[in-house]
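**Q** Once you've had a glance at the structure underneath, I'll fire off some questions.
The values are calculated or read from the model by the stated rules, or taken from the named source; none is laboratory data. The structure displayed is predicted, hence computed values, not measured ones. Note that we place each Cβ from the backbone using ideal geometry, even for glycine, and neighbour counts take in every protein chain shown. Note: accessible area is taken over every heavy atom of the protein model, side chains too, but ligands, DNA and RNA are not part of it. Shrake-Rupley method; radii C 1.70, N 1.55, O 1.52, S 1.80 Å.
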Amino acid sequence: MKKKYQNGFFIFGIAVLLIMITQLDFAQVWAGVQRAGYWFLAVIVLWFFLYMFNTAAWYIIIRSQEEDRKAAKGDSGNTSETSSDTPANGDKRQTVSYWWLYKITVSGFALNYATPGGLMGGEPYRIMSLAPKIGTERASSSVILYAMTHIFSHFWFWLLSIVLYVLTQEVNMFMGGLLTAVGAFCVTAIWFFIKGYKKGITVRCMSLVSHFPIIKRRAQHFFDSHREQLAGIDSQMAALHNQNPRTFVTAVGLELACRVVSALEIFFILLVIMPEANFLQCILILAFTSLFANMLFFLPLQLGGREGGFLMSAKGLAMTASSGIFVALLVRLRELIWTIIGLALIKFDRKKH
């Protein structure tokens, strides 16, 4: 990635981060950290390993695309490459190492946290970082595929959490209706994503956006001038699902496992104030909170949405409001710490890896 773009991402992230830090009550934060003690350190360390799940899912997608490309060349006997699939710097393809990709993953999530709309920050950064190594088209398709897989796993997590709730909690009429509505939404979203995996989704999305008022002229121009590249991205996306089902299932499984294991964060924090805390309850708290927070995706760091989700889930599981506030406070602080780490890693990007 060019230095000016790297600096642009870094400066933007820092500016938004400073705004978010000013919203914290530092006395309350310090009191919470003192109360949590070493459990808060365990939460910080936990996310070092959780990001390994995320990186592994993206890594196997990139590796699978590389294997498919080599197989296609072997079958056709053609060793030429299109310009869109050639590294922008004109160099030979470079090997994408897992730990370099880990750094990009952490920085990408940091930008997503700090950006309203989430995917408007981290995904362009990932594409621009990866393109010099594997070409713009493959970089774009791998990032879109990973983003889809990440979101796809959320819907499966919420759907499975509904089953867990029904099996472990009492369900009244209100909760029954709410769970039914959420379940129907998740099933519909899963169906939509499966269709997108099978046939690609970029051309369809751009075609849809090109009909929106105000932006339709620019969107149509972009769609017309990049139709071939978008079609190539869709074909690579479909290839992962249709030709490499094992890779697809593994990537989704890693992301889903990450969702489940991340409930340990809530479990660790609750142990400070509730020694009888139940891990299954922590999974339900995470499910309710992430669902509510993602409904407010347009807010930077989902400010307010995550806190509201913790309070609602705590009340729904017969926990005190103070417990929900305590968990929300430390989770917010953990997000800020890892956002700072991710933004700092943007600056640690040597020209050659």
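**Q** For residue 208, are the conditions met, namely being hydrophobic (A, V, I, L, M, F, W, C), open to solvent by 60 Å² or more (accessible area, probe 1.4 Å), modelled with pLDDT of 85 or more and more than 21 Å from the chain's Cα centre (by Cα)? Reasoning before the result, please.
**A** Working: hydrophobic (A, V, I, L, M, F, W, C): yes; open to solvent by 60 Å² or more (accessible area, probe 1.4 Å): yes; modelled with pLDDT of 85 or more: no; more than 21 Å from the chain's Cα centre (by Cα): yes.
So residue 208 fails the test.
**Q** Another question, then. For the stretch 36-60, give me each residue that is modelled with pLDDT under 90 and touching a Phe, Trp or Tyr at 6+ places or on another chain (Cβ under 6 Å).
**A** 39
**Q** Being in a helix (DSSP H, G or I), of a type in the set (D, E, K, R) and within 28 Å of residue 261 (Cβ to Cβ) narrows it down to one residue among 137, 123; which is it?
**A** 123
**Q** For the condition surrounded by 12 or more Cβ atoms within 10 Å (Cβ to Cβ), modelled with pLDDT under 90, out of contact with any Pro (no Cβ under 6 Å at 6 or more places or on another chain) and not in a helix (DSSP H, G or I), what is the one hit in 66, 81?
**A** 81 is the lone residue from the list that is surrounded by 12 or more Cβ atoms within 10 Å (Cβ to Cβ), modelled with pLDDT under 90, out of contact with any Pro (no Cβ under 6 Å at 6 or more places or on another chain) and not in a helix (DSSP H, G or I).
**Q** Quick one: count up the residues across the stretch 154-180 that are assigned to a helix (DSSP H, G or I) and open to solvent by 60 Å² or more (accessible area, probe 1.4 Å).
**A** Qualifying residue count, the stretch 154-180: 10.
**Q** Here's something else I'd like to know. For residue 113, only one of the following conditions fails: (1) at pLDDT 90 or above; (2) in contact with a Leu (Cβ under 6 Å, 6 or more places away or on another chain); (3) open to solvent by 20 Å² or more (accessible area, probe 1.4 Å). What is its number?
**A** All conditions are met except number (1).
**Q** As an exercise: evaluate residue 123 against (1) under 20 Å from residue 291 (Cα atoms); (2) modelled with pLDDT under 90 and give the number of the one condition it does not meet.
**A** With (1) under 20 Å from residue 291 (Cα atoms); (2) modelled with pLDDT under 90 applied to residue 123, the lone miss is (1).
**Q** While we're here: With the requirement that a residue be modelled with pLDDT of 95 or more and β-branched (Val, Ile, Thr), what does the stretch 256-269 give you?
**A** Once the filter is applied, which keeps residues that are modelled with pLDDT of 95 or more and β-branched (Val, Ile, Thr), the stretch 256-269 yields 260, 261.
**Q** Report yes if some residue within the stretch 246-255 is small (Gly, Ala, Ser) and either touching a Lys or Arg at 6+ places or on another chain (Cβ under 7 Å) or at pLDDT 80 or above (or both); otherwise report no.
**A** Scanning the stretch 246-255 turns up at least one residue that is small (Gly, Ala, Ser) and either touching a Lys or Arg at 6+ places or on another chain (Cβ under 7 Å) or at pLDDT 80 or above (or both).
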